[in-house]
Each structure stands twice: as C-alpha cells, then as structure tokens.
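To start, the structure under review is shown below, and the notes come after it.
Every number here is computed from the coordinates shown, using simple stated rules; none is lab data. What you see is a predicted model; the values in this text were computed from it and never measured. Cβ: placed from backbone, ideal geometry, glycine included. Neighbour counts: every protein chain shown.
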Amino acid sequence: SRLLDAFVERIEPLAARFRPTTRRVAIAESDRIVVYEVRTGQPPTRIGDSLQGDLKAGTDRKAARSVELRLPPDQVLHRTLQLPPAGKEFIEPIIENRLDRLTPWHPDKVLYGFRVVRDAKRDGSMGDGSMTVDFAATSADIAAEPIRRLQELGFDPTALGTAADPIEAPLQIDLYRGARSAARADLRRTTVVVLSIVMAVLGPACVGSFWFAHASAERLRAVEERLSQLRARLPSATGAKAEQARGRDRALVEAKRPETSLIVLIDGLSAALPAHTSLRELDIDGEKVRLAGRSRDAPALIGLLEQEEALAKVQFAAPVIRDSDNFDDFEIVAVRVIPQGEARLGKP
C-alpha cells in the first residue's frame, strides 16, 4: 500500500494535466467563509458567502470535486527545516517525531503538511548537502469552525491550507497531505485497475515465455547429448583396426549388396581415416557424402579418401582452418558410387 501511494504521488502532477481544471476555493475570514470558483486562465468568480447562507443562483455544487479551504495566514504556522539528504524517504516520520517541538499544540491535534523546496543532492545548490523543507501546520480545533461554516454551504474540504497562497494557483502545502483529495483517490483506484489489467495480461505471457524457454532448453540438452554420443563413437570407429583385417574380396561382395552398402561405406571411412582424425558430422544423402571434423593433417585426407572405391570427386567444401591446438577443422564432400542393386531399389 505504501509503495502504491508513493507511485501515485509520483504520477499525480502528470495526471493533473488531464483532469478538469475547475476548483472551489473557500477563503476563511474572521466571521465568514467566501467561496470562489477558479478555472484555469480565468479570473476567480465569487459564488458563495456564509453570511448570506447560500450559494449564488445556478451554482452546481458537484461541478468541481476539489474544494480547498484556506485559513487566515495568522492561523497557520510556517517553519523551514533543514534535513540531511539521506532522510528524503523518511521526511514524514521525521516531522511526526518533532511535532511537539515544531508546534505549540498537542501532536494528536496537529494538522500539518510539507514540501521539499530544495534538494541539494539533486541541484547542487547547497554546499553542506542538506535538504530544505517548508513545513506548515495548524490545530484541528482552529480549523473546526471554518470547516463547519463551509459544510453549511454544502461543501466538504478536500484540501486545507493558508490564504497566503495565490487563489489562482493550487495550494502549495496541503495540511491534509492529500488524504481527502478526491482526485488522488480516483487516481489511486485507476492505478490499481490498470496494474491489475497489466498483471492479468502479462502473467500468462510470462508463464508462456518460461515454458517455451524450458522446452527449448530441454531440446537443446537432448541434441547436445546425442552429439556427445556420436563424437564418442566416431573416434573408436576410425581407430578400429579389426575392420582392416577383413578380406578385400568379402568387402567387394558386401559393397554390391543394397542392404549392406552403407555399412560398408561407413566401415571403409573408419578404416581410411587415421587415428588423429575425428568426425563430428557424417551426412550421407543419396549420392552426396559430407564429412566434417578435426585432423592433424587435413590435406592428407583427400588422398586417403580417394582410395575408397565407394567415393569419387573427393574435395574440400570449405577452407581448412587450423586452431590453437594445431588441429585442422575441415569439411570434405564427395560423390558416392552407388551399387547397381541399390540404385534400382532406391535409397536404403
């Protein structure tokens, strides 16, 4: 609630630009209350006098929700306070703790308000870094009679201040501190509604974003796990010496069979690649074969792969890049020689 009140207090000056500009200003004199209607850019119009007991004919009491009661200047106490800049967020508690020293009235009877007129930390105007605060106060007993007279005219004050302020301008210090301001109450309700709508809209969106991020992370984890398994298998495949012992005649026979030709091709690649070479990608798509990985001597791989009868037109698909570990990153493409049986049956 205090956070909401602080937010409303911040945006109230901006919101005031879009509110109706009609105000009722009641000036308390020694024996009566004189009520004026004040519109921005126009001279004040006198619409009521408590001695007459009623308002000017045709006056609509509901035309303005802001009713300022201004007491005679000698009934409002003014002081200027110097506070440390660190106390900016705690001005009200600091003043309440000093009420018995700042005013001649009992703290329970004091109506007070304040405004920061100079913040040295922000504008650098004071060498000691202190903050200047205008303080104004009166007693609830002093304000009781003017309030009664104003209520007889059909108005309840929404703000209380001093008649020393220009009537054309809003009160500089409200002794109610905005507690009775109808405009502030409306702004507070509007803020609550707007924030509720924003939370209702953004809440599901945040949940959806979290779910999407979680699902993406799971998919990425699964891909990385599969890639790690493939990387673990390929070096052992390339170093499998037992496969090199198979007879050339049997390899030729197997290579002619559609159901085993791909296996023979992979076996041949494993046997052809030296132990210092590892593959991170092996794509076989019909006649197209693509190998990508790391090797101590990538240029020598072209000659080794050209010796495979199942491959033709072996060449680099991208420039070879040597990394800081003296390994070559390579990408090689080749044309696969498809056996006649497989060509008739289609891709396995």
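Odds and ends about this structure:
- Additional length obtainable on full extension of the chain from residue 144 to residue 312, 0.36 nm per residue less Cα span: 50.0 nm
- Inter-site label distance for residue 220 and residue 285 at 7 Å from Cα along Cβ, in nm: 2.5
- In order through the stretch 202-210: 3J(HN,Hα) via Karplus (6.51 cos²θ - 1.76 cosθ + 1.60), integer Hz, x for Gly, Pro: 7, x, x, 5, 5, 4, x, 5, 5
- Cut-off under 5 Å, modelled amide H: who pairs with residue 115 long-range: 134
- Note on residue 202 and residue 152: with the Förster distance fixed at 45 Å, the Cβ-Cβ geometry gives a FRET efficiency of about 0.35.
- Computed lengthening from residue 325 to residue 29, 0.36 nm per intervening residue step minus Cα-Cα distance: 97.3 nm
- Each of residue 180 and residue 213 was given a label point 7 Å from its Cα along the Cα-to-Cβ line. The distance between the two points is 5.0 nm.
- Per-pair calculated FRET efficiency, R0 = 22 Å: residue 108 and residue 46 via Cβ, rounded to 0.05: 0.05
- Radius 13 Å from Cβ of residue 166, net charge of other residues (Lys, Arg +1; Asp, Glu -1): -1
- Electrostatic tally near residue 334: other residues with Cβ closer than 15 Å to its Cβ, Lys and Arg +1, Asp and Glu -1, net -4.
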